[in-house]
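This report concerns only the one structure given below.
The values are calculated or read from the model by the stated rules, or taken from the named source; none is laboratory data. Not measured: the values here are computed from a predicted model. Here Cβ is always computed from backbone atoms with ideal geometry, including for glycine, and neighbour counts include all displayed protein chains. Ligands, DNA and RNA are excluded from the accessible area calculation, which covers all protein heavy atoms including side chains. Shrake-Rupley method; radii C 1.70, N 1.55, O 1.52, S 1.80 Å.
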Amino acid sequence: MKQAGFTLLEMLIALVISGILMIGAARFLPALQMANLRTLMSIQLHEELRLMMSTLEKAVRRAGYCRGDCPGEALTINPQGNCLLLRWDENSNGKWEGVENENSDFYGFRLRDGNLEAQRGVERCDAGGWEKLNDPATTKMAEFLVVRAGQLVRLRLSGYVLAFPQYPLTLESLVTAVNVSAQESR
């Protein structure tokens, strides 16, 4: 009676081939995991920048809205282009509530120490009490640039994940400030 099966030599050859394949997979796995992590963090960064850009676009579109007569600059950009101050009549009461009011209609966005910051009730870029829009533990903002040409406002955001600074991401948007006259000074 003949028995079927593998010989000892065949088993050893199969073990050697399996070992070589396992060593190859073990070397490839960390690179694959790192690429996966980089991709996931890039997606997270893109989403974070997209949310910030959406907030900025909405604010620029609202700038200058007033149901009555609201004197003053509706949209101001500092000379460096990294601070944007806006005003709009949030509660439609016909006036811009001042910075001292808890329902102030003055808003600001600025780049400071690698963070995009926002504040309600601010009329100067150097004031205190700003809130970070990005998570400084994971993301650094490299650039926030605002350029205005009449009613068109170009917004540019650049940032990177701290774990992968060699892979920055930049978003740009061109927004029409519909409530701001083209002749209004900066």
What Rg and what Dmax come out for the chain when only alpha-carbon atoms are used, in angstroms? 27.5, 106
What cysteines in the chain have no other cysteine with a beta carbon less than 4.7 Å from their beta carbon? none
Where the accessible area of the chain is counted over protein heavy atoms with a 1.4 Å probe, how much of it, in %, is carbon and sulfur? 57
GNM on the chain, C-alpha springs below 10 Å: top fluctuator among M141, M22, M52? M22
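What does the helix-only formula give at 222 nm for the chain: each DSSP H stretch with n ≥ 4 adding -39500 (n - 2.57), the total divided by the residues, and the result rounded to the nearest 500 deg cm²/dmol? Can you show the working numbers first?
Values: 1 runs with 55 residues, N = 186.
Estimated from H runs of four or more residues: -11000 deg cm²/dmol.
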Heavy-atom surface of region 1-123, accessible at 1.4 Å and reported per residue (Å²): 65
In nm, to one decimal, how far is the modelled label at N91 from the one at A25, with both set 7 Å along Cα→Cβ? 6.5
Pseudo-spin-label distance D135 to K58, built 7 Å along Cα→Cβ, given in nm, is 2.0
Using a Förster distance of 45 Å, the FRET efficiency for R112-I17 (Cβ separation, nearest 0.05): 0.15
